[in-house]
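Everything below concerns the one structure shown next.
The values are calculated or read from the model by the stated rules, or taken from the named source; none is laboratory data. No experiment lies behind these values; they were computed from the predicted model shown. Methodologically, a virtual Cβ is constructed for each residue, glycine included, from the backbone with ideal geometry; neighbour enumeration extends over all protein chains shown.
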């Protein structure tokens, strides 16, 4: 299969995000195993920003470096919705989708506060060549204030790009998890639970994740201008690529590894923990959709070394048991729902 | 394999087991295992001794085994052993052995006698015993015969945590895994009513279908037409114990046990037929002679289980096929991950059809009716954006558009066009937007626009960029609205959009509206005040107190909830008569433009 051009779409505004994007996000995107290694002039870096931030981007050295590697375009965001920035971001995505669909391009939804390990873009191109149209990943959220200085100190290359291997990034990640990510850990008592992703630590060697929600990092739509209701994370992927056989879920961080970077002040409210997986099942009962259950069945290995050791096997078996337990509760809920429906009937 | 070689293999070689079966029938000892395990079995001392009494036959199962415990694998392996017999399947009796099963001497002879006596399916209860405990007791007897009563004696001293937790007449009330209820009857007898007994043997009269289900649950039903399994109840006739690891304690918890709680726990798992069978079949594991008359404990146990079974009879049968399908799917996913098969597909929308339907219709958790009541109360008190009540902090924003939305929901969807950008919260009342504003203006949609004069109402919920192009949208869409129809433009801004941009958008929209000569036009701009923002933030503080789940926390939470909502109500009432904001205000929260089309005029 011929590989289509890739539009890397990044909505970014505000000084903090602009800085993170230029220093880390874009710099890691330009590493040799990512965009710099792809000699494809049809690729496009499509940035959405405000008029005020445009000059900052255009005057940055890394932006000029990007222009040497691929076509770069900046579109101006209209008014920002400060109460709901996701709505503004979705507007940007809709505009970018319209452009990419017109050019029959694949789209990479690349948020500004991301660090992408070297080789990720090569993996995406390989998957596109294999006929995959939707690639989904999870990104660990890390503490920005701790991780960015280390990235800049240790991994910036002479040409300004930022090169870090997946295992180096994971080694950094397991030591600097953001509190929101900690809320995904299954065996932590002190924090609220965020059941969208469930994770287990494997010592200092990495994590195993079982996820309901994962992020569509790359979409090469079958359906042009497919509508979505809220964000591209939600219902866009299945609308644009209805055939599940064309989806690909990254389950090994060696293949593709990215992390999100967030400040400590960013927080969310989760579910109270009771230590019983029935809480996760109850959440899933209300919020999960069929494709989320498919995601949950997959083991996602985020690792700094090999994953064949006994500790990995033990944690993987534990994650399997929890998934079985969740499904067992869901079957009970379904039985009860059917009984109630029969009674009403 | 290690477990098998310790005691179970030796118990098979007791005089009354495989040697006896070998004398009674043409016997094959079929090892369904991966190649390396099968080689260990056939070359082991036990394997070679078994080979003196039965034909050793290996059925490879390498592709079934994956790196982890998957519930479907044993059943698939047994199935493979059955189907391997080919055309002889319906002329063969199958006895299902397990590598962790210790049989009392004579157990397999009894099975043979039942099968030759006409039984087509035999079930039994295998007591669960701790591996180390039973090995310590039987270790010195490995390779020798273990009489049934001796095995029972050791088993009763070695019961694992799961079975101990399900002893109903124990001193402490524990709850173990669903499946069986046990009573101690004196010091030497254990009575068991098993709702999920193990399938011991089968004489099929037909071949199984594809992926039939779990051995204990499905095999008899799909391979023996109308066969009622016979349950082996007397340990003198048949006794088997399953060796388990200590980890089984994880399945035990403290809890209250009664017929009612057992019904609750069994209701999703057990059919009426299983309940009836459990009530009728009381397995008795005894070290000594049983009295001729039923003991008091036996009578109590039977009565208890009958109450449970009677209650279960009124319950809809469980859907074991869903458990099988899920377990099978998980196993196939793992095979895919190991590069040993395609990525499977499971129809979760069918498996959880009722749950998904209920969840989507905003029903609450079926386990927590209180949650439903709270949601209902919240809906009554505050409404749901965009149809909110006077108590809602966003009531000012939506009060102008609320009546239009209510009217729009009462007419057919084909008479309303909903253009929604961004979060598109009107979807809560109108369903998904028909188009986004950019789709309308850029022509990137692939559906036909509404014909001229076909709409009662046009509702546009615009993003900031859409608002800037409001005039163009009006030009393009207004002709679709019939005479006397209505157009509503709404933008929720909170406090972000600069008022200059609002003024610009409003000016161009009003110019276009003037040009189109509407019957009536009105503009509502809601200001964004710091006090209102403060109240909006403050109304969620109560949750943090309530989540503490202390009396003080609940009181504080309730007080804050009442206070903030009272202030919100007062603010909304005060604003009923206050001046509306305008485009020159410093910040604004929302903009609503209402345009009524003249009854006597059509757009060009």
ask   = Would you say residue A:62 is assigned to a helix (DSSP H, G or I) and either modelled with pLDDT of 90 or more or within 23 Å of the chain's Cα centre (by Cα) (or both)?
value = yes
ask   = Based on what the data block shows, is residue B:440 surrounded by 19 or more Cβ atoms within 10 Å (Cβ to Cβ), touching a strand residue (DSSP E or B) at 6+ places or on another chain (Cβ under 8 Å), away from chain A (no Cβ under 14 Å) and at pLDDT 70 or above?
value = no
request  = Go through the residues of region B:497-507 one by one and say whether even a single one is closer than 25 Å to residue B:396 by Cβ, at pLDDT 80 or above and touching a helix residue (DSSP H, G or I) at 6+ places or on another chain (Cβ under 6 Å).
outcome  = no
message = Can you find a residue that is touching a residue at least 60 places away in the same chain (Cβ under 8 Å) and under 18 Å from the mean Cα position of the chain (by Cα) anywhere in region A:271-278?
response = no
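Any idea which residue in region A:309-322 is farthest from the chain's Cα centre (by Cα), counting only those that are touching a residue at least 24 places away in the same chain (Cβ under 8 Å), more than 7 Å from chain B (Cβ to nearest Cβ) and assigned to a helix (DSSP H, G or I)?
A:311
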note = Picking from B:358, B:312, B:326, B:351, the residue that is within 14 Å of chain A (Cβ to nearest Cβ), crowded, with 20+ Cβ neighbours inside 10 Å, within 30 Å of residue B:185 (Cα to Cα) and free of Cβ contacts under 8 Å to residues at least 60 places away in the same chain would be B:312
ask   = For residue A:57, are the conditions met, namely being under 20 Å from residue A:144 (Cβ atoms) and at pLDDT 95 or above?
value = yes
message = I'd like the full set of residues that are at pLDDT below 80, more than 18 Å from residue A:88 (Cβ to Cβ) and either buried (at least 16 other Cβ atoms within 10 Å of the Cβ) or within 14 Å of chain A (Cβ to nearest Cβ) (or both), limited to region B:443-470.
response = B:443, B:444, B:445, B:446, B:447, B:449, B:450
remark   = Note on region A:208-237: residues in a helix (DSSP H, G or I) and within 12 Å of chain B (Cβ to nearest Cβ) are A:234, A:235
key: region A:100-111 - residue that is in contact with a strand residue (DSSP E or B) (Cβ under 7 Å, 6 or more places away or on another chain) and either within 17 Å of residue A:71 (Cβ to Cβ) or assigned to a helix (DSSP H, G or I) (or both) and, of those, nearest to the other protein chains (Cβ to nearest Cβ)   = A:100
request  = Restrict the check to region A:325-332 and report whether at least one residue is at the interface with another protein chain (Cβ under 8 Å from one of its Cβ atoms), modelled with pLDDT under 85, over 23 Å from residue A:202 (Cβ atoms) and in a helix (DSSP H, G or I).
outcome  = yes
query = Given the conditions (1) surrounded by 21 or more Cβ atoms within 10 Å (Cβ to Cβ); (2) modelled with pLDDT of 85 or more; (3) within 11 Å of chain B (Cβ to nearest Cβ), which single one is not true for residue A:250?
reply = (3)
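Going through region A:44-62 one residue at a time, which ones are in contact with a helix residue (DSSP H, G or I) (Cβ under 7 Å, 6 or more places away or on another chain) and either at positive phi or surrounded by 19 or more Cβ atoms within 10 Å (Cβ to Cβ) (or both)?
The first filter runs over region A:44-62 and keeps only residues in contact with a helix residue (DSSP H, G or I) (Cβ under 7 Å, 6 or more places away or on another chain), leaving A:45-49, A:53, A:56-57, A:60, A:62.
Within region A:44-62, A:45, A:46, A:47, A:48, A:49, A:53, A:57, A:60, A:62 qualify.
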request  = Write out, first by first residue and then by second, each pair whose Cβ atoms fall under 8 Å of each other, whose residues are 6+ apart or on separate chains, and whose first residue, in region B:62-82, is on the phi > 0 side of the Ramachandran plot while the second is surrounded by fewer than 18 Cβ atoms within 10 Å (Cβ to Cβ).
outcome  = B:68/A:313; B:68/A:317
inquiry  = Step by step: first the residues of region A:83-99, then only those that are more than 8 Å from every other protein chain (Cβ to nearest Cβ) and within 19 Å of residue A:113 (Cα to Cα), then the one that is surrounded by the fewest Cβ atoms within 10 Å (Cβ to Cβ). Which residue is that?
reply    = A:85
key: Residue ranges of helices (runs of 4 or more DSSP H) in region B:35-122 with at least 2 members within 14 Å of another protein chain (Cβ to nearest Cβ) and out of contact with any strand residue (DSSP E or B) (no Cβ under 9 Å at 6 or more places or on another chain)   = B:72-83
key: Condition check for residue A:279: within 14 Å of chain B (Cβ to nearest Cβ), surrounded by fewer than 21 Cβ atoms within 10 Å (Cβ to Cβ) and closer than 30 Å to residue A:165 by Cβ   = no
request  = Sort out which residues of region A:283-308 are more than 8 Å from chain B (Cβ to nearest Cβ) and surrounded by fewer than 16 Cβ atoms within 10 Å (Cβ to Cβ), and write them in order of number.
outcome  = A:305, A:306, A:308
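The rows are residues; the columns are (1) modelled with pLDDT of 65 or more; (2) in a helix (DSSP H, G or I); (3) closer than 26 Å to residue B:388 by Cβ.
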residue: B:515; (1), (2), (3): yes, yes, no
residue: B:543; (1), (2), (3): no, yes, yes
residue: B:560; (1), (2), (3): yes, yes, yes
residue: B:567; (1), (2), (3): yes, yes, yes
residue: B:591; (1), (2), (3): yes, no, yes
residue: B:600; (1), (2), (3): yes, no, no
